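I am attaching a structure below and will ask some questions about it afterwards.
The values are calculated or read from the model by the stated rules, or taken from the named source; none is laboratory data. Note that this is a predicted model, so its numbers are computed, not measured. Cβ atoms come from the backbone with ideal geometry, glycine included; neighbour counts cover every protein chain shown. Just the protein is used for accessible areas: all its heavy atoms, side chains included, with ligands, DNA and RNA removed. Shrake-Rupley method; radii C 1.70, N 1.55, O 1.52, S 1.80 Å.
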Amino acid sequence: DTALTNPSAFNGELSSAILSVVEETDLQKSKVAYNRIKDWVLARTISIHVKGLTPFMIVNSNHFIQCANDIRACPVFPGDSRITMLYVNDLKEIIPKRQLIPRLQKEASDFLAALLNLEIFYDNDRLAIPVIETQDKKEAQDANRSYLEEFLDEQCFQSPGEWIKYSDLYELFREWLDPNVSYEWSLIKFGK
């Protein structure tokens, strides 16, 4: 979390990381954190800046898990192929941490052996494997659509060879909009 939110951009803890956990950091509220994680997920190399040292580049082997109670903490927009999202139901059995850690340590060697023996198909993409699409991710994407995206998805369709005047489309959009937010959508904003 510190590497994402640090105003000085120090991120030395990522220098040898393979799996990083972001816990309860609201990426929707922090554009700096959102842009950093977006870059780090896709970049083949990343700049590491350890406090007091000169920044240096490394091959990016990091992957991120973000845990949050609020679905909006991880902004997922339509077409985003970097994120898999899922809801974790209430646990049937809560294992106290003092018991959980030794159990995990006992399983670590078998888990690592299973990972090392796992056959993974070759893919030249940075993400290496396709992202799993879930219903939770679709709901988050839908919730993050702008009013215009929602209008276009729900009220419009493609018709090759047919045209509609820009002003007519804008008027249909304004009629469709909730009157409480229609003032936010000027012709200029609609065009952008």
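When the helix-only estimate is applied to the chain (DSSP H runs of n ≥ 4, each -39,500 (n - 2.57), divided by the residue count), what is the mean residue ellipticity at 222 nm, nearest 500 deg cm²/dmol?
Taken over the chain, the calculation gives -11000 deg cm²/dmol.
Cα to Cα, under 28 Å, and not fewer than 8 places away if on the same chain: which lysines meet these conditions relative to Lys92?
Lys106, Lys137, Lys138
Order Ile48, Ile188 by their accessible area, 1.4 angstrom probe, all chains in place, largest first.
Result of the area sort, largest leading: Ile188, Ile48.
I would also like to ask the following. Determine the order of Leu177, Leu104, Leu91 by accessible area, beginning with the largest, at a probe radius of 1.4 Å.
The residues order as Leu91, Leu104, Leu177, largest area first.
Give me the 1.4 Å probe accessible area per residue for the stretch 1-57, excluding ligands and nucleic acids, in Å².
Here the residues of the stretch 1-57 average 62 Å² of exposed surface.
Additional query: Once Cα extents along the principal axes in Å is worked out from the coordinates, which option in [x] 65, 47, 37; [y] 70, 31, 27; [z] 58, 45, 30 does it equal?
[x]
Next question, about the same structure. Could you tell me how far the Cα centroid of the stretch 49-80 sits from the Cα centroid of the stretch 154-168, in Å?
Rounded to whole Å, the Cα centres lie 39 Å apart.
Run the dipole for the stretch 85-192 about the Cα centre, Lys and Arg Cβ at +1, Asp and Glu Cβ at -1, nothing else charged, and hand back the magnitude in debye, nearest 20.
That gives a dipole near 680 debye.
Straight-line reach only, C-alpha to C-alpha below 18 angstrom: list the aspartates and glutamates that Lys31 could link to, leaving out same-chain residues fewer than 8 apart.
Asp1, Glu23, Asp39, Asp70, Asp80
Explain nothing, just the number: dipole magnitude of the chain about its Cα centre with +1 on each Lys and Arg Cβ and -1 on each Asp and Glu Cβ, in debye rounded to the nearest 20.
940 debye
Work out the charge dipole of the chain with +1 on the Cβ of Lys and Arg and -1 on the Cβ of Asp and Glu about the Cα centre, then indicate which of Thr25, Val41, Ile101 is farthest towards its positive end.
Highest projection toward the positive end goes to Ile101.
To continue, here is another question. Please give the peptides 13-24, 71-82, 148-159 ranked by average Cβ packing (other Cβ atoms within 10 Å per residue), highest first, as a rough proxy for protection.
71-82, 13-24, 148-159
Let me ask something additional. Quick one: work out the % antiparallel among DSSP beta bridges in the chain, nearest 5.
Antiparallel bridges make up about 45 percent of those DSSP assigns within the chain.
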